[in-house]
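Just below is one structure, and these are the notes that go with it.
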Amino acid sequence: MIDLSSRIGMPIALDPDSGKLEFGDGVAVEGTGDRRFAELRDVLANPEALVDDDADRPAYLLYRGVHCPSDARLLAEQGLRYDLTITLPGDVGGELIKTAGHIHNAAPDGAGYPEIYDVVHGQAAFILQEDEPLHVTIITCGPGERILIPPGASHLTVNIGREPLVVADLVAIASQNNYGEFRTRRGAAVHLFRDGDAWTERINPAYPTTPVWRVLDGTRIGDFAPGDGPIYADAIANADDYRYLTAPASRAAEMRALWSSRER
């Protein structure tokens, strides 16, 4: 077992063979589940490469509403949820294993809900997509690095490493995931494929226009998560700093500028 406690802020360990998490005393989980390859068929670059024996195999595991019971009231008052997702290593027809991808609904103030992703273990590539014009940003992150998903950005996570990828996310309880865009177009406009010990990009031909994309490395969060420690502990200790997650219009322009101001 791999101890993840120092990076999560709660006693949690990872089984590197199965990708399952083991929770210590004082940790509550509101829900668990998985996404199997059969459920991801519509977003795969090469769905014909998915053999029957693999269709019922999990691609990633979900742990929703992970928290210490003593923090439950504060999280409810903040309107926030802390989740953990484990994307398993491997590929389907050469395409690296990924999450289904989604975009968030709008908050009552009119701006889309943002989300913080925190890499706990493994190597991730986060794909952010803007449709008009069609721009894709690929951000690679390792343990301890994190990114902010701004309002209105479609996004997904890819495991670019050789071991289970553990990603934490902090998001509004009221946020809902819309998967329709990626399902109708076989995923994002750029797919990531295994290339020896590295990876490479391939354009998704299901889109009517050719995307423009860039690759960035490391944390991309600005001052939206000022603490250096686990995002869970920081959100509990500094609740006021995270109010933009439930009222995004107040800082929507700043969040979008965090990305649009960088050279493409």
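The values are calculated or read from the model by the stated rules, or taken from the named source; none is laboratory data. What you see is a predicted model, and the numbers here were worked out from it, not measured in a lab. Reconstructed Cβ throughout: ideal geometry from the backbone, glycine too, with neighbour counts over all protein chains shown. Please note that ligands, DNA and RNA were not included when accessible areas were found on the heavy atoms of the full protein model with its side chains. Shrake-Rupley method; radii C 1.70, N 1.55, O 1.52, S 1.80 Å.
List of remarks:
- Screening H102 against (1) within 17 Å of Y242 (Cβ to Cβ); (2) open to solvent by 10 Å² or more (accessible area, probe 1.4 Å) leaves a single unmet condition, (1).
- Count of the range 227-242 residues which are farther than 12 Å from R146 by Cβ and without any contact (Cβ under 8 Å) to a residue 40 or more places away in the chain: 4
- Scanning the range 37-85 for residues that are open to solvent by 60 Å² or more (accessible area, probe 1.4 Å), under 18 Å from A174 (Cα atoms) and not in a strand (DSSP E or B) returns R73, A76, E77.
- Scanning the range 171-182 for residues that are in contact (Cβ under 8 Å) with a residue 40 or more places away in the chain, farther than 19 Å from T137 by Cα and surrounded by fewer than 19 Cβ atoms within 10 Å (Cβ to Cβ) yields I173, A174, Q176, N177, N178.
- Screening T200 on (1) modelled with pLDDT of 95 or more; (2) within 22 Å of R251 (Cβ to Cβ) shows it passes everything except condition (2).
- Count of residues meeting criterion [open to solvent by 40 Å² or more (accessible area, probe 1.4 Å) and either closer than 15 Å to A168 by Cβ or in a helix (DSSP H, G or I) (or both)] in the range 9-31: 5
- Residues located in the range 112-141, provided they are open to solvent by less than 10 Å² (accessible area, probe 1.4 Å) and not in a strand (DSSP E or B): P114, G122
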